[in-house]
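Please read the structure below before turning to the comments.
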Amino acid sequence: MSDAGDKVARIRELNDNFRKTFAGGMMMMTASVAALPEMVRSAAWLKVSEFDAWDTGNDPHHEHDFINFELCNRNFFWKCDYYAPDMNSGSEDPSDPEKTVRVGLLMLAEDY
């Protein structure tokens, strides 16, 4: 595997771990998700952590950094972004957890 392929595989591994465990970064939600009933929010976070329906349509770069799903007749998105440790700019290398803070954002499709 090439160096680029190795980096993508490492980014995917880190993103999957973050998404499944919520460890290694910060999980956030938009105000519209926060306003939903607690049981809907909880079910949405569970869907994020259990998601495994990756295909070229939702994962063209093979990083597992974006998902969408339907729950309670609402369309949800979750997006993972990569920041530098100071949170003032993007990470220079998302494959390096020492140089990256992952931020996952759960939103309704209409928030996007």
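Readers should treat all values here as calculations from the given coordinates under stated rules, not as data from a laboratory. On a predicted model such as this, the values are computed, not experimentally measured, just so you know. Note that we place each Cβ from the backbone using ideal geometry, even for glycine, and neighbour counts take in every protein chain shown.
Quick notes
- Residue in the stretch 7-17 that is within 20 Å of residue 110 (Cα to Cα) and in contact (Cβ under 8 Å) with a residue 40 or more places away in the chain present: no
- Residues of the stretch 19-43 classified as within 30 Å of residue 95 (Cβ to Cβ) and either out of contact with any Leu (no Cβ under 8 Å at 6 or more places or on another chain) or of a type in the set (Val, Ile, Thr) (or both), total: 9
- Of all the listed residues (88, 58, 68), the sole one being out of contact with any strand residue (DSSP E or B) (no Cβ under 7 Å at 6 or more places or on another chain) and polar (S, T, N, Q) is 88.
- Which numbered condition residue 89 misses (of (1) without any contact (Cβ under 8 Å) to a residue 40 or more places away in the chain; (2) closer than 17 Å to residue 109 by Cβ): (2)
- Residues satisfying the stated conditions in the stretch 64-112, i.e. surrounded by fewer than 16 Cβ atoms within 10 Å (Cβ to Cβ) and of a type in the set (Ser, Thr, Tyr): 89, 112
- Output for the stretch 34-53, where each listed residue is of a type in the set (A, V, I, L, M) and under 11 Å from residue 78 (Cα atoms): 44, 48
- None of 97, 60 is touching a residue at least 40 places away in the same chain (Cβ under 8 Å), of a type outside the set (D, E, K, R) and out of contact with any Asp or Glu (no Cβ under 8 Å at 6 or more places or on another chain) except 97.
- Entry remark, the stretch 6-46: residues being of a type in the set (Lys, Arg) and surrounded by fewer than 17 Cβ atoms within 10 Å (Cβ to Cβ) number 4 in total.
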